[in-house]
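Read-outs: derived from the displayed coordinates by stated rules, not from any lab. Predicted, not measured: the structure shown is a model, and the values here were computed from it. Backbone-built Cβ (ideal geometry, glycine too); neighbour counts: all protein chains shown.
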Amino acid sequence: MSHDHDDRPQLTAAQAAAVLNPPPGRNGGDLVVETLQGLGATTVFGLPGQHALGMFDALRRSSLRYVGLRVENNAGFAADAYGRITGEVAPLLLSTGPGALTSLAALQEAAAASAPVLAISSQIPTAGLGGGRHGYLHELRDQQASVRDIVKSVHTVRTASQIPSAIAAAWESALTAPHGPVWVEIPQDVLLAETTLPVVSAMDATPRELYPRPELTIAAAHLLSKAERPVIIAGGGVVRSDASGKLRALAEKLDAPVVTTFGGKGAFPWEHPLSLRSWLEDRHTTDFLEDADVLLVVGSGLGELSSNYHTFRPRGRVIQIEADAGKLESNHPALGIHSDAREALADLLEAVERREDAGAAERVRTVLEKVRVRIEAQDLTLEQQVLAAVREALPDTAPSFWDMTILAYWAWSAFDARRPNTMHSAQGAGGLGYGFPAAIGAAAADPTKPVLAVSGDGGAMYSIAELATARQYDLPLTWLIVDDGGYGILREYMTGAFGETTGTELARPDFVALAESFGVPAVRTSPESLAADLGKALAAPGPSVVVLPALLRMFEPTHL
């Protein structure tokens, strides 16, 4: 039996000579950073802790850029955004116990949004592993048990020689479709122990490609080619797999209207004649989707938000392309195609026959007009004015990160993202505090573009500490804080359900003075001056804060 050695990692002559004479003073932490460098990492996020100091000491001896945040959860959000923006693995260095656990909400968002985050956590010393109660600082009976339900895969290290392989396996897992967070944990003593192992130089962790089965492509192409009223729902999988060009080509070949989910914002041009935009929480859109005789769902599980809170009942055939096998047909029976969106769309584009439907664009216009009339009947001029001001101020290529706040809920449906992979929110897991630390991760990924974060005053309080991070690294980001004195959406929910609120009203600081105390310039604005103030802040170098005191309301839901 012969083996092909051509694709194995090869060493240069200089690297081969260095193998026999590794530099002195290296420890297990060096193997971590050498492996990350060998895999192509350039930037790492995190927070030091006692058990993880071996990793952080080794950063000093590496070329990796370290971006340190003030709270582990925020470091996780920053890594999440870095992974979304670049499509590359974002390493997240964490300490044991409280440090590890504090990152979990961010890792849940990364899992929901398919962001490739590589969390590397320390552990108590090897002697304490196994569930005994030894009383080590930060000790958990089973730290992995806390993360298993959240991440794609867990990788355990017990000796220094296992470090490169464990990190490479995790790296491959994070980048195999669907992307997602992964977990590696390494005991304190393994990180600190001196090593004479050769420097890690040649690493390979190529993700597995996920191709559609050809017989399913043929069946799907036949259904779409013969359809009378085909419609496409484009989800976050289209954005993650960089497939928006192929989506547009397929829609135009089929004359099929396209609606983008909130996670798929920017996957299809907003002003295209076939664009139904993102009005998924609207019964007019839901009715239109139900009327399709063939519905192609790409990169979406049709979860709660994408299905108008599970009121959507398709009457035609559903074709679902999804990289996460667990989402295939999880909500509706379909021709399920387990595949990366880009690969499946490429194959479908070749296989479908061109169909022409002169009435498709007119039907799209009719739906959008019905939506416009419904919204205009609700006296929501202020909300639309504020959203339009943000759109006017934000450069087309600048990424934006939206916290769970009323303006973001508006943006999901009504904001033109203009470019794929520029608008991101925490709608996957729905946790507060995402916007500003995520913007830090995006600014670290590409400091040549301004970045916008949008929060309410409640969500902003989760991330105030990161003003120090933004200032320390002089990152080009602007934080818009919409101050309505409480948890605005919960205020609406409770008033609607119970007639009064509990726990929604908040004392809060003077955000302008607070930002300035961190050395971050800030301005208090109004709806009328928002576009100008926001544009000025985005054009200025370094971090800035814009505070908008405003009480915004949501448009009426149609699912109740």
inquiry  = Cross-link candidates for Lys246: which lysines have Cα within less than 25 Å, leaving aside residues fewer than 8 places away along the same chain?
reply    = Lys226, Lys265, Lys327
ask   = Not counting the cut sites, what is the longest span of the chain without trypsin sites (Lys or Arg not before Pro) that DSSP labels loop and that have at most 14 other Cβ atoms within 10 Å?
value = 355-560
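Using +1 on the beta carbon of Lys and Arg, -1 on that of Asp and Glu, and nothing else charged, what's the dipole of the chain about the Cα centre, debye to 20?
Details: 45 positive and 65 negative charges, 69 e Å.
With Lys and Arg at +1 and Asp and Glu at -1, about 340 debye.
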ask   = In deg cm²/dmol, rounded to 500, what helix-only [θ] at 222 nm does the chain give when every DSSP H run of at least 4 residues adds -39500 (n - 2.57) and the total is split over its residues?
value = -11000 deg cm²/dmol
task = Quote the FRET efficiency, to the nearest 0.05, computed for Arg70 versus Lys536 with a Förster distance R0 of 35 Å and r equal to the Cβ-Cβ distance.
result = 0.80
query = Relative contact order of the stretch 276-391: what whole-number percent is it, with Cα pairs under 8 angstrom and at least 6 residues apart?
reply = 22
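Give the peptides 430-439, 380-389, 396-405 in descending order of average Cβ contacts within 10 Å, highest first. Don't skip to the end; give the middle numbers.
Details: 430-439: 27.7, 380-389: 17.0, 396-405: 24.1.
By packing density, highest mean first, the sequence is 430-439, 396-405, 380-389.
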key: Residues in the stretch 151-195 reached by a label modelled at Gln15 [backbone nitrogen below 12 Å; 7 Å Cα→Cβ]   = none
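Of the GluC sites (Glu not before Pro) in the stretch 459-524, which ones lie in a loop per DSSP and count no more than 11 other C-beta atoms within 10 Å?
Values: sites: Glu466, Glu492, Glu500, Glu505, Glu516; in loops: Glu500.
Here the GluC sites (Glu not before Pro) that fit, given the DSSP loop and packing criteria, are Glu500.
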query = To the nearest 10 degrees, how steeply does helix 214-226 sit against the main Cα axis of the chain, on a 0 to 90 scale?
reply = 20
remark   = Each label sits 7 Å from Cα toward the beta-carbon; between Arg158 and Leu382 the label points are separated, in nm, by 6.3
key: Three-way shape call for the stretch 363-506 based on the alpha-carbon gyration tensor, with the a/c threshold at 1.5   = oblate
query = Out of Leu191, Pro314, Thr405, whose Cα points farthest toward the positive end of the dipole of the chain (charges: +1 Lys, Arg; -1 Asp, Glu; placed on Cβ)?
reply = Leu191
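For Glu194 and His310, calculate 0.36 nm times their separation in residues minus their Cα-Cα distance, and state this gained length in nm to one decimal. If you can, show how the numbers build up before the last one.
Working: separation 116, 0.36 × 116 = 41.76 nm, distance 5.60 nm.
The Glu194-His310 span can extend by a further 36.2 nm.
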note = Computed over the chain: longest principal axis from alpha-carbon atoms vs helix 488-498 long axis, angle to nearest 10 degrees, is 60
request  = May I ask you to list the GluC sites (Glu not before Pro) in the stretch 227-316 that are in a DSSP loop and have at most 14 other Cβ atoms within 10 Å of their Cβ?
outcome  = Glu228, Glu271, Glu304
ask   = Relative to the longest principal Cα axis of the chain, at what angle does helix 530-539 sit, 0 to 90 degrees, rounded to 10?
value = 30
note = Given the candidates Gly49, Ser63, Ile85, the one whose Cα lies deepest towards the positive end of the charge dipole of the stretch 46-90, counting +1 at each Lys or Arg C-beta and -1 at each Asp or Glu C-beta, is Ser63
